[in-house]
1. Counting GluC sites (Glu not before Pro) as exposed when in a DSSP loop with at most 14 other beta carbons within 10 Å, what is the longest stretch of the chain free of them?
2. Extension gain Asp150-Ala96, at 0.36 nm per residue separation less the Cα-Cα distance, in nm?
3. Which lysines does Lys397 reach when only Cα atoms under 21 Å apart count, and residues fewer than 8 places away in its own chain are ignored?
4. Measure nothing but the geometry: give the 0 to 90° angle between the long axis through the Cα atoms of 378-395 and the longest principal axis through the Cα atoms of the chain, rounded to 10°.
5. When the Kirkwood hydrodynamic radius is evaluated over all pairs of different C-alpha atoms of the stretch 199-301, what value in angstrom, to one decimal, is obtained?
6. Considering amide H positions built from the backbone, and no H for Pro or chain starts, which residues 5 or more places from Thr42, or on another chain, come under 5 Å of its amide H?
7. Below 24 Å, Cα to Cα, which lysines can Lys266 reach? Residues fewer than 8 away in the same chain don't count.
8. Each residue of the stretch 4-18 in turn: what ³J(HN,Hα) in whole Hz from Karplus with 6.51, -1.76, 1.60 and θ = phi - 60°, glycine and Pro shown as x?
Amino acid sequence: MEELAIFGGIPVREKPIHYGRQCIEQDDIDAVVETLKSDVITCGPKIEELEKKLCEVTGAKYAVAVCNGTAALHLAAIAAGLKEGDEVIVSSITFAASANCVRYCGARPVFADIKPDTYNIDPDSIRRLITPATKAVVAVDFTGQAVELDEICAICKEHNLLLIEDAAHAIGTKYKDKPVGSIADMTCFSFHPVKTVTSGEGGAITTNDEALYRRLVRLRAHGITRSQEEMVHPTDARWYNEQVELGYNYRMTDFQAALLCSQLKKLGKFSARRKEIAEKYNEAFAEMPELMIQREIPESETTRHLYILRLNPEKLTCDRRQFFDALYAENICPQVHYLPVYWHSYYEKLGYQKGICPNAEKFYNEVMSLPLYYMLSDSDVEDVIRAVKKVVAYYKKQS
């Protein structure tokens with residue numbers, strides 16, 4: 001048996017591969033430089049260009065660009081009218097921002113369990129958690145795979161709930177041939193550097209509802225408007241603007257928008273390469289009983305943001321920490337996505353206890369995310385596969 005690097009053996013590769021990385025090419029740099037040399041570098045024409053492009057990509061009627069994905073979620077929560085005393089059903093396996101946006105409004109997140117094979121929010125769990133206080137659902141397209149939108153939309157319609165789709169992972173994904181971003185009441189995106197396309201930091205909300213759109217535009221800029229229709233004291237004076245509600249400075253700069261416009265032109269090739277890498281991993285691990293592969297629903301044509309490697313504890317002599325550390329020693333650097341949100345000490349202090357989402361908790365203890373990004377070469381992918389197989393061979397239980 002080949003000795004693991006963690007115990008003194010020779011690692012699979014010399015230089016580390018991390019789980020995510022942006023792809024910035026010369027055309028992206030040129031787009032940013034051109035905007036930086038222009039007269040306007042914020043609140044300018046690139047924002048309008050980007051929002052138009054996002055509508056084309058998602059099929060939504062309206063798009064609102066903001067400074068990051070968390071800001072997108074926060075504004076969506078405000079626009080949904082969330083307030084103290086309200087409850088919002090939220091995915092349990094997600095980045096904390098999916099629930100924090102509910103807390104920002106004074107409302108209470110109620111955590112729904114996941115399906116054990118897709119890792120997305122379970123519609124049956126949503127149904128069980130609905131109370132008279134429930135006002136909305138935040139459903140997360142985890143790893144880029146679309147949630148079961150038909151069923152979740154039907155639940156929300158039946159109970160008069162607003163659906164906020166957290167599609168931070170899912171730009172480019174389609175559900176029944178319809179782009180994510182055009183289905184939920186509001187859909188929130190993130191353009192952090194590890195995502196499929198990036199603006200450095202950045203986010204957006206898409207919607208088909210004009211009233212929501214107009215409020216989102218106002219909220220991202222301090223609650224200030226120049227529209228006479230929205231003013232309490234309307235005037236046609238060119239200089240006049242009026243704050244009509246409490247808003248935030250959540251605007252994106254024009255040079256960030258320029259970068260994202262350039263990146264969106266390459267969404268197709270970025271998406272295709274991520275799918276190709278995920279398929280190579282699936283093929284390599286499918287016949288290994290020590291590992292479990294995420295199931296993809298047939299309705300989702302997924303642009304994969306994360307590739308989840310799940311360990312089968314009944315077939316291995318190690319735990320997740322040992323497997324993770326062994327891969328790191330081989331210079332394959334995974335990450336874990338995510339701690340169940342209610343396990344964070346902040347939520348623990350609010351009274352949330354372990355045990356409320358058993359599928360999510362079991363999932364967390366068994367998973368890690370393998371490297372997955374456009375710039376990975378075929379050789380890099382083979383090194384990842386070889387390292388995983390090497391660690392499995394060392395720790396597999398003998399029958």
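Read the figures in this text as sums done on the coordinates, not as results from a lab. All values reported here derive from a predicted model rather than from experimental measurement. Cβ coordinates were reconstructed from backbone atoms using ideal geometry, including for glycine residues, and neighbour counts include every protein chain displayed.
1. Numbers: sites that count: Glu2, Glu3, Glu14, Glu25, Glu84, Glu229, Glu245, Glu287.
Free of exposed loop sites, the longest segment is 85-228.
2. Numbers: separation 54, 0.36 × 54 = 19.44 nm, distance 2.52 nm.
My answer for the length gained is 16.9 nm.
3. Lys315, Lys362, Lys389
4. Tilt of helix 378-395: around 50 degrees.
5. On the way: mean 1/r = 0.0550 Å⁻¹.
Radius from the Kirkwood sum: 18.2 Å.
6. When sequence neighbours closer than 5 places are left aside, the close amide H contacts are Asp254.
7. Correct list for Lys266: Lys37, Lys46, Lys52, Lys53, Lys61, Lys174, Lys176, Lys178, Lys195, Lys275, Lys280.
8. 5, 4, 5, 10, x, x, 8, x, 4, 8, 7, 9, x, 10, 8
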